[in-house]
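Colleague: Please find one structure pasted underneath; my questions will follow.
The values are calculated or read from the model by the stated rules, or taken from the named source; none is laboratory data. A quick note: this is a predicted structure, and the numbers were derived from the prediction, not measured. Neighbour counts run over all protein chains shown; Cβ positions are idealised from the backbone, glycine included. Calculation scope for accessible area: heavy atoms of the full protein, side chains included, ligands and nucleic acids excluded. Shrake-Rupley method; radii C 1.70, N 1.55, O 1.52, S 1.80 Å.
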Amino acid sequence: MSLHLSASRRVLGPVLRVAGAAVRAWDRVAPRRQDLLPALAGGLVGLVPLLVARWLLLRERAPSAGLDDLWKTSHTEVETWALVAFGGACLLRLLNGRLHRLGRVAFHLGCTVLLVATGLELGFFQAMGSRVDLDALAYLMADPQEILPVVMAEVRSWHEVALAAALVVGLLPALPRLRSSPRRLWGRLVLLLLVPSLLIHVLAPPGRPEKRIRTFEDTLVPLLVHSALDRVQEVHVPLPPLQPRLAVAPPTRQPLPNIVMVLLESVSRDATSLGRPPRATTPALADLASRGLVAEHAYTVVPHTSKALVPILCGQYPEMDPRVREATWNGLPDRCLPELLAEAGYRTAFFQTARGTYENRVHLVHDMGFSLFRAEADLKRPPWNRELNPLGIADEAMLDPGVAWSAAQDGPFFVTYLTVVSHGDYDTPDDFPLEPFPEVESRKWRQYLNAVRYVDAFLGALVAAYEARGMGEDTLFVVLGDHGEGFGQHGRHYHDLTIWDEGLEIPLVLYGPGVLEGRSGVVEGNRQTIDIVPTLLDWLGMDVLEGHLPGSSLLGPVPSDRVLYHSCWRSFRCLARRVGASKFIDHYRERDAELFDLQTDPDEQHNRAGSTDPAVVEALRADVRRWRAEVNAAYEARRQGFLAELQAPDDRPALATWDGRVDLLGCTIEKDEVVPGESVWAECHWRAREPLRAAWKVQSSLSGTFETETRVSVPAEGLVPTWRFTPGWAVKDRVRVPAPPDAAPGEAVLTVGWQDFTGNAIPLDGATEDNRFEVGRIRVLPALPQVLPPLEPDPSLTDATDEAQMAPQDPGQ
């Protein structure tokens, strides 16, 4: 017996001594009552409204859900706030005096920020059906002035409640200080609460929630951690050699026909009269399809407009990055269709009723090669002054200006129209009659279908306007959706992360009775927006001489085993691959992989990945991730090559010098004539005389018979800030200043200068007042017509009408 006791003491003695030392160490940092109560209050005030919000969201998505489902999806929220509260109390225990007071204020402000961020994330989830990640935060922070209106359009009442609760948390540091308890028992009892996660899982194991609400499980902090881990595990491939730029032969088709492209914002195929089953929403589109070519299955690459424009107008995959880097200088993957057509003699224009500054659209359209860009600011006028959604105005506003511009051209033209009314919020003009769509339960979905009806009415009026002015017979109309739209069919709303076919499948119609040579009917096979450019080049007889286009012409067949790839807009969220009727989706960490047979399961409801050989699933996953990596590697190779070209040794004499440190070597203005609202573009070359440690910015100004317009930019559109200037080397830069929409005709002067990071002008050497230097002059032309002139009556129709009126009428008729 004594031997056993002795052995027990030898084993337990060290354990007890270590435990005692740990408890004594804990006594020194255990939270005091004066710290614990405000910390607990802060955690509870933040937790309660979030649990209420989660319950409301849960019931919205799963009406039969109970409290056990709330616990399964919200236990991490409880754990997070418990750790925040007790961790904060323990940290405050280490502070005294003024530092303690400042620590309390900092703790509660941190709780306020966390609560607001978590509440906004839940609001984002309610609106989009997807969770926030690092991409979403970076996108918001990149240009909050442009993006916040879109976000605020989804604010709900419970978001305001969460904000009010956050303000209460922020006021808690004003609570009177509480006396601390001298007894150590208080702190030792709190020791048990330092591991709330362990206690929670022991007392009530949460289990996994149902699949339909599983994406609701994580909280903000784990979401961001997982997003960061996905970036660490990204697949990389070697940068490929730079490919030759796309070059095409002159067109063999003569005379050159006109091309009108109409992009239907957020219009999925199943929302139209071409859907399966068809909806009574797009009679004009259905009429064009019945007399032209209609794709049997057509899909976008990335369901986000700025990304979708790249395959449509350039024939290449967009970069798989939520940043629209294609809209930066030399950010496009290759030469695009507008530039190729301009070389062949086409006049080119792009009209949209959305803001031209959103996602830097003005730069994207310019670099694609369009000579004219008209957006909301240029088109807004009575009765189209009201913004119908956070992005723009009624699509009717671009009908008259677009058709008038087309009619004024003395040669073939290529004009693109991008609608916006069918983008969320799906509001339509007040005088547009609405259909009830009683078979559709969702109010938002009904609004969307009416917005699609409105866009179709615009399409019909646009085609009719061209035909009425004698341009219909010589024009090919290309009509397609840029991407689709989701309404919770798979738990997600809108389009950015809707990787199922409600977000990817689009209508695609070619119509032109006078130029399609009798071609009509269904274009079979899986088609994609990368096929538009090859189709038009094929139709015009413009053979590709150099470069590569990954798409295939709609005028020819495609193999049945053709592979199409897709990606969500945000990184590391979802990729997809389809061959024939088989479709695979990789959801990264958020969901299990999915595999569908679209022949028997067109709605993508029965996932076959679980019953498929895991090796096959892994091979499919590796393939889509390799595709993404290869596309991005090609962009990165091109970007690095361009960066190397932006600086080069140059000993030309300076035209002007600022502060004795930066020289201007020259500027070349792209066009010497612009219309009001059009931008003046110029390429300038700078040279530093010494290393620059300051972050200077370029001032570009346009002055004339209007109030001076000024733009401020980082050199080379941010690619080469001044602290990266190499002394003695020329730095290539590009500046842009718009002529005001109301500018009167006359001469205008373009000047450039520099300012520091506070906005103070850098002095121009030798100047007394103005620190800017004139680099050129342009002429502002009269404004483009905003209203179509009335049609002149056809004499033959007038004569026939007069004869009919003069003929005696049969009383019996």
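Colleague: If I ask for residues that are farther than 18 Å from residue 356 by Cβ and touching a helix residue (DSSP H, G or I) at 6+ places or on another chain (Cβ under 9 Å), which ones from the range 725-754 would you list?
Modeller: Within the range 725-754, 725, 731, 732, 733, 754 meet the criteria.
Colleague: While we're here: Can you tell me which residue is surrounded by the most Cβ atoms within 10 Å (Cβ to Cβ) among those in the range 437-463 that are without any contact (Cβ under 8 Å) to a residue 40 or more places away in the chain and under 27 Å from the mean Cα position of the chain (by Cα)?
Modeller: Here the residue is 451.
Colleague: Name the pairs whose Cβ atoms lie under 9 Å apart, with the first residue in the range 225-236 and closer than 16 Å to residue 321 by Cβ and surrounded by 12 or more Cβ atoms within 10 Å (Cβ to Cβ), the second modelled with pLDDT of 70 or more and of a type in the set (Phe, Trp, Tyr), and 6 or more positions between them or separate chains?
Modeller: Short answer, once both residue conditions are applied: 227/572; 230/572; 230/588; 231/572; 234/572.
Colleague: Considering only residues of the range 249-264 that are open to solvent by 10 Å² or more (accessible area, probe 1.4 Å) and assigned to a loop (DSSP other than H, G, I, E, B), which is farthest from residue 474 (Cα to Cα)?
Modeller: The selected residue is 249.
Colleague: Do we find a residue being more than 29 Å from residue 675 (Cα to Cα), in contact (Cβ under 8 Å) with a residue 24 or more places away in the chain, of a type in the set (D, E, K, R) and not in a helix (DSSP H, G or I) anywhere in the range 381-397? Working first, answer last.
Modeller: Kept after step one, since they are more than 29 Å from residue 675 (Cα to Cα), are these residues of the range 381-397: none.
Taking every residue of the range 381-397 in turn, none turns out to be more than 29 Å from residue 675 (Cα to Cα), in contact (Cβ under 8 Å) with a residue 24 or more places away in the chain, of a type in the set (D, E, K, R) and not in a helix (DSSP H, G or I).
Colleague: Return the only residue of 324, 301 being in contact with a Ser or Thr (Cβ under 7 Å, 6 or more places away or on another chain), closer than 21 Å to residue 571 by Cβ, open to solvent by 10 Å² or more (accessible area, probe 1.4 Å) and among the β-branched types (Val, Ile, Thr). It would help to see each step written out before you state the result.
Modeller: Working: 301 fails: open to solvent by 10 Å² or more (accessible area, probe 1.4 Å).
Result: 324 is the single residue among 324, 301 that is in contact with a Ser or Thr (Cβ under 7 Å, 6 or more places away or on another chain), closer than 21 Å to residue 571 by Cβ, open to solvent by 10 Å² or more (accessible area, probe 1.4 Å) and among the β-branched types (Val, Ile, Thr).
Colleague: Now for a separate question. Restricting the search to the range 412-434, which residues are in contact (Cβ under 8 Å) with a residue 60 or more places away in the chain and open to solvent by 20 Å² or more (accessible area, probe 1.4 Å)? First the steps, then the outcome.
Modeller: Pass one, the range 412-434, residues in contact (Cβ under 8 Å) with a residue 60 or more places away in the chain: 412-425.
Scanning the range 412-434 gives 412, 423, 425.
Colleague: Show me the strands (runs of 3 or more DSSP E) found entirely inside the range 445-528 where at least 1 residues are of a type in the set (Ser, Thr, Tyr) and more than 24 Å from residue 392 (Cβ to Cβ).
Modeller: Numbers: elements: 475-481, 508-511, 521-528.
Passing ranges, in order: 475-481, 508-511.
Colleague: Read through the list (1) farther than 20 Å from residue 286 by Cβ; (2) touching a strand residue (DSSP E or B) at 6+ places or on another chain (Cβ under 9 Å); (3) open to solvent by less than 20 Å² (accessible area, probe 1.4 Å); (4) modelled with pLDDT of 95 or more, then give the number of the only condition that residue 497 fails.
Modeller: With (1) farther than 20 Å from residue 286 by Cβ; (2) touching a strand residue (DSSP E or B) at 6+ places or on another chain (Cβ under 9 Å); (3) open to solvent by less than 20 Å² (accessible area, probe 1.4 Å); (4) modelled with pLDDT of 95 or more applied to residue 497, the lone miss is (4).
Colleague: Scan the range 684-726 residue by residue and report those that are open to solvent by 60 Å² or more (accessible area, probe 1.4 Å), touching a Leu at 6+ places or on another chain (Cβ under 9 Å) and assigned to a loop (DSSP other than H, G, I, E, B).
Modeller: Passing the criteria: only 708.
Colleague: Separate question: So, in the range 511-544, exactly how many residues are closer than 28 Å to residue 254 by Cβ and touching a Lys or Arg at 6+ places or on another chain (Cβ under 8 Å)?
Modeller: Within the range 511-544, residues that are closer than 28 Å to residue 254 by Cβ and touching a Lys or Arg at 6+ places or on another chain (Cβ under 8 Å) number 6.
Colleague: Quick one: what pairs do we get from the range 43-64, first residue under 17 Å from residue 86 (Cβ atoms), second at pLDDT 75 or above and among the acidic types (Asp, Glu), C-beta under 7 Å, 6+ apart or different chains?
Modeller: Listed by first residue and then by second, the contacts come to 47/77.
Colleague: A follow-up question, please. So, of the residues in the range 385-408 that are over 22 Å from residue 324 (Cβ atoms) and open to solvent by 50 Å² or more (accessible area, probe 1.4 Å), which turns out to be modelled with the lowest pLDDT?
Modeller: My answer is 385.
Colleague: Limited to the range 727-765, what total is found for residues that are surrounded by fewer than 15 Cβ atoms within 10 Å (Cβ to Cβ), closer than 16 Å to residue 781 by Cβ and hydrophobic (A, V, I, L, M, F, W, C)?
Modeller: Within the range 727-765, residues that are surrounded by fewer than 15 Cβ atoms within 10 Å (Cβ to Cβ), closer than 16 Å to residue 781 by Cβ and hydrophobic (A, V, I, L, M, F, W, C) number 1.
Colleague: A further question follows. Among the residues of the range 704-751, how many are under 34 Å from the mean Cα position of the chain (by Cα) and closer than 20 Å to residue 764 by Cβ?
Modeller: 16
Colleague: Please work out which residue is least open to solvent (accessible area, probe 1.4 Å), limiting yourself to the range 529-552 and to residues that are of a type in the set (D, E, K, R) and assigned to a helix (DSSP H, G or I).
Modeller: As a first pass, look at the range 529-552 and keep what is of a type in the set (D, E, K, R): 531, 538, 543, 546.
Checking the rest, the ones that are also assigned to a helix (DSSP H, G or I) come to 531, 538.
Values: 531: 0, 538: 81 Å².
Only one residue tops the list, namely 531.
Colleague: Quick check on my filter: what residues within the range 333-369 are outside any helix (DSSP H, G or I), at pLDDT 95 or above and closer than 23 Å to residue 266 by Cα?
Modeller: Selection gives 336, 349, 350, 351, 352, 353, 354.
Colleague: Would you mind stating whether residue 567 is at pLDDT 95 or above, of a type in the set (Ser, Thr, Tyr), more than 21 Å from residue 414 (Cα to Cα) and within 31 Å of the chain's Cα centre (by Cα)?
Modeller: Details: at pLDDT 95 or above: yes; of a type in the set (Ser, Thr, Tyr): yes; more than 21 Å from residue 414 (Cα to Cα): yes; within 31 Å of the chain's Cα centre (by Cα): yes.
Judged against the criteria, residue 567 is a match.
Colleague: Name the single residue, out of those in the range 272-293 being open to solvent by 10 Å² or more (accessible area, probe 1.4 Å) and among the hydroxyl-bearing types (Ser, Thr, Tyr), that is farthest from residue 536 (Cα to Cα).
Modeller: Of everything passing the filter in the range 272-293, 273 is farthest from residue 536 (Cα to Cα).
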